[in-house]
Amino acid sequence: MSAIGLNHYNIRAPSPLLEELRDFYCAMVGLRVGARPAFPSRGYWLYADDQDVLHLTQAGAGEIREVGSVPTFDHVAFTCENFEAMRAALTAAGIAYEIEDVPLTGQRQIFFRDPTGNGIELNFGSKA
């Protein structure tokens with residue numbers, strides 16, 4: 001028995017932050033809002049192509065979710081295209097980021113944080 005791929009990851013947040021996260025991941029990562037089952041809780045499923053990769057779920061009443069603390073979760077990584085356009089969008093939005101080049105593969109990576117402090121890594125196939 002073994003895992004065969006990433007299905008999705010989930011972020012739980014209060015309602016106003018949920019909207020901010022939706023807008024952020026659509027604008028800065030290039031995900032899009034897509035179909036979501038009629039769960040009793042509010043939320044969004046965000047898609048990369050035809051795969052739902054990020055689920056945003058409204059935190060329940062009285063549920064405490066710390067923002068900006070240092071959890072064990074470090075980052076999520078997305079495979080991306082168009083390095084220069086992504087870098088320009090982050091710069092225009094005033095989002096701090098770091099760029100790393102992977103010596104053996106020629107990949108370029110952009111690292112930044114979402115509005116709650118979660119790490120995001122964007123991977124581009126070869127040096128752009």
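The values are calculated or read from the model by the stated rules, or taken from the named source; none is laboratory data. This structure is a prediction, so every number in the text was calculated from the model and none was measured. Neighbour counts are summed over all protein chains in view; Cβ atoms, including those assigned to glycine, are modelled from backbone coordinates with ideal geometry.
Points worth noting:
- Of the residues making up region 72-87, just one is surrounded by 14 or more Cβ atoms within 10 Å (Cβ to Cβ) and without any contact (Cβ under 8 Å) to a residue 24 or more places away in the chain, namely R87.
- Cross-chain or 6+ apart pairs with Cβ under 7 Å, region 88-112 first and of a type in the set (V, I, T), then in a loop (DSSP other than H, G, I, E, B): I110/Y97
- Residue within region 30-42 that is of a type in the set (S, T, N, Q), within 12 Å of the chain's Cα centre (by Cα) and either at pLDDT below 95 or under 16 Å from N10 (Cβ atoms) (or both) present: no
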